[in-house]
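Engineer: Quick one: this structure, given as structure tokens, is what I'll be asking you about.
What follows draws every value from the coordinates through simple rules; no lab data is involved. What you are looking at is a predicted structure, and each value in this text was computed from that prediction instead of being measured. Don't worry about glycine lacking a Cβ; one is built from the backbone with ideal geometry, like all the others, and counts go over all protein chains shown.
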Amino acid sequence: MNMAFTTKTGPVETVLVPDASNQRAYRHALGGFATGVTVVTAMAGDVPIGMTVNSFASISLDPPLVMWSPAKSASKHPLFLQADHFAVHVLAAQQAHLCSAFSRGGSGFDAMPWSLSKNGVPILPQVLVRFDCHRTAAHDAGDHTIIIGEVLQSTDREGEPLCFARGMFGHFTRTA
């Protein structure tokens, strides 16, 4: 049930109890948390696969672990679950075109420069940060799967990250 009320000090606040009838409102609320934008890549046999992902996070420094969570409804979901290695590419502010290329209906690796890492994973050039990972676990999480990987190596370039919030792309601005 949604309820709106006015506080004495601010604008209207919506109180939401998430359920099947209000998934759009719940998704909008989640969009209030700005995230970075990544493209996760792997090999499915001899075919490179990639997916735009904003559900990426660090889990541990020792050992170095990261996680991401593809939707079970994604066509590439079973392929990523079978991949022993994957790469997480953190996109720079000017790389929204890569996000589009690896989103549903995008062109993926077609007409895109890429190479293979030493672990046989397709990697994209000139991204802000890249984490080369070995999958260590996969956990059921409702309509998603949490995939955990140990970071084998990372690359890091200077630049600003591409950000996503409230259904829009933007960039990070430093404040004093």
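Engineer: Based only on Cα atoms, what Rg/Rh ratio does the stretch 35-170 have, Rh being taken as Kirkwood's radius? Could the numbers behind the result be given before it?
Structural biologist: Values: Rg = 13.7 Å, Rh = 14.8 Å.
For the stretch 35-170, the value is 0.92.
Engineer: I need the phi-derived Karplus couplings for the stretch 55-65: 6.51 cos²θ - 1.76 cosθ + 1.60, θ = phi - 60°, integer Hz, Gly and Pro marked x.
Structural biologist: 8, 10, 7, 7, 10, 8, 8, 9, x, x, 10
Engineer: With contacts defined as alpha carbon pairs under 8 Å and 6 or more residues apart, what's the relative contact order of the chain in percent? Please list the in-between numbers first.
Structural biologist: Details: 341 pairs, mean separation 42.0, N = 176.
This gives 24 percent for the chain.
Engineer: Also, quick follow-up: Arrange the following residues from fewest to most other Cβ atoms within 10 Å of their Cβ: Leu128, Leu91, Leu152.
Structural biologist: Numbers: Leu128 22, Leu91 26, Leu152 16.
If I rank by nearby Cβ atoms, fewest first, I get Leu152, Leu128, Leu91.
Engineer: Can you put Glu13, Glu150, Glu158 in order of Cβ neighbours within 10 angstrom, beginning with the fewest? Write down the numbers at each step before the final one.
Structural biologist: Values: Glu13 11, Glu150 17, Glu158 6.
Ranked by crowding around the Cβ, least crowded first: Glu158, Glu13, Glu150.
Engineer: On full extension of the chain, what length is gained from Ser115 through Ala96, given 0.36 nm per residue of separation minus the C-alpha to C-alpha distance? Before the final figure, lay out each step's value.
Structural biologist: Details: separation 19, 0.36 × 19 = 6.84 nm, distance 2.00 nm.
Length gained between Ser115 and Ala96: 4.8 nm.
Engineer: Measure off 7 Å from each Cα along the Cα-to-Cβ vector at Gln153 and Ala29, then give the distance between these two points in nanometres to one decimal.
Structural biologist: 4.4
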